[in-house]
Amino acid sequence: MIETVLSTDLIRKNRSAVSVEAGRFIVPRAEAPLPGETCDTELLSRLQTDCARADAQSYLTYSERSSGQLRNKMAALGYSTCVAENTVNWALSYGFVDDLRFCSLFAKTRTMGRMRLKLELSSRGVPENIIEKALAALSDGDSIEELVTIVCRRYGKIQDKETARRRAFGWLSRRGFSSEVVYRVLKEAL
């Protein structure tokens, strides 16, 4: 027995969820079998794979994503865990997703310490070993000079130097910088 389910997300993407004895398949609405029709599960599987890959490419078009983010997006779109995992592996094999590249771009575009970067990257589904590789490639020397400039710009105009130090200390600590880096920056900046 064929059962076709339409949800708002599927309608927006012009998809249908087809439930048959073999399982649930997300296929293009135009290709979905009608109730009472016979259907080939192999064909439905191929159509679902094509839909999943098209949805993945659409998701990856706008910005760099991690494999974990792609996996979560595929699950949110209604794909099974197996289909989501196969799609992520496909994206990894073609270079559409690269966790190391994602980590380095993420670290370059944010002012964060190692602890905070590690937390943020792991929350985005990046594997622990890749996070360690990415953090090993970062140098503290460049970031300290950059942090001194930022702290001077943000807190250098405050008249009371103790207030400026306290605020800068809080800001740097919340950003996940180690106490060694914080004290070094405060010593040079204020």
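The values are calculated or read from the model by the stated rules, or taken from the named source; none is laboratory data. The structure presented is a predicted model; accordingly, all values stated were derived computationally and were not measured. Positions of Cβ are generated from backbone atoms using ideal geometry, with glycine treated the same way; all protein chains shown enter the neighbour counts.
Across the range 174-186, what is the total count of residues that are assigned to a helix (DSSP H, G or I) and farther than 11 Å from I144 by Cα?
Adding up the residues that qualify gives 2.
Assess whether L34 counts as being loosely packed, with under 14 Cβ neighbours inside 10 Å, outside any helix (DSSP H, G or I) and either modelled with pLDDT of 95 or more or among the aliphatic types (A, V, I, L, M) (or both).
On the way: loosely packed, with under 14 Cβ neighbours inside 10 Å: yes; outside any helix (DSSP H, G or I): yes; either modelled with pLDDT of 95 or more or among the aliphatic types (A, V, I, L, M) (or both): yes.
Yes: the conditions hold for L34.
Would you confirm whether any residue within the range 114-125 is in a loop (DSSP other than H, G, I, E, B) and surrounded by 14 or more Cβ atoms within 10 Å (Cβ to Cβ)?
Taking the range 114-125 first, the residues in a loop (DSSP other than H, G, I, E, B) are 124-125.
Still in the running and surrounded by 14 or more Cβ atoms within 10 Å (Cβ to Cβ): 124-125.
Checked against the condition, which is being in a loop (DSSP other than H, G, I, E, B) and surrounded by 14 or more Cβ atoms within 10 Å (Cβ to Cβ), the range 114-125 yields at least one hit.
The conditions are (1) in a loop (DSSP other than H, G, I, E, B); (2) farther than 15 Å from R124 by Cα; (3) free of Cβ contacts under 8 Å to residues at least 40 places away in the same chain, and G78 fails exactly one of them. Which is it?
(3)
If you take the residues in the range 21-31 that are free of Cβ contacts under 8 Å to residues at least 24 places away in the same chain and within 23 Å of M74 (Cβ to Cβ), which one is surrounded by the most Cβ atoms within 10 Å (Cβ to Cβ)?
Within the range 21-31, the match that is surrounded by the most Cβ atoms within 10 Å (Cβ to Cβ) is F25.
For the range 131-173, which residues satisfy the criterion of being under 19 Å from L105 (Cα atoms), touching a Ser or Thr at 6+ places or on another chain (Cβ under 9 Å), hydrophobic (A, V, I, L, M, F, W, C) and in a helix (DSSP H, G or I)?
Across the range 131-173, the qualifying residues are I131, A134, A137, L147.
Read through the list (1) more than 26 Å from R174 (Cβ to Cβ); (2) surrounded by 15 or more Cβ atoms within 10 Å (Cβ to Cβ); (3) within 14 Å of the chain's Cα centre (by Cα), then give the number of the only condition that S104 fails.
It is condition (1) that S104 fails.
Answer yes or no as to whether S66 is touching a Leu at 6+ places or on another chain (Cβ under 8 Å), of a type in the set (S, T, N, Q) and either surrounded by 15 or more Cβ atoms within 10 Å (Cβ to Cβ) or in the same structural domain as A17 (by TED's automatic domain parsing) (or both).
Details: touching a Leu at 6+ places or on another chain (Cβ under 8 Å): yes; of a type in the set (S, T, N, Q): yes; either surrounded by 15 or more Cβ atoms within 10 Å (Cβ to Cβ) or in the same structural domain as A17 (by TED's automatic domain parsing) (or both): yes.
Criteria met by S66.
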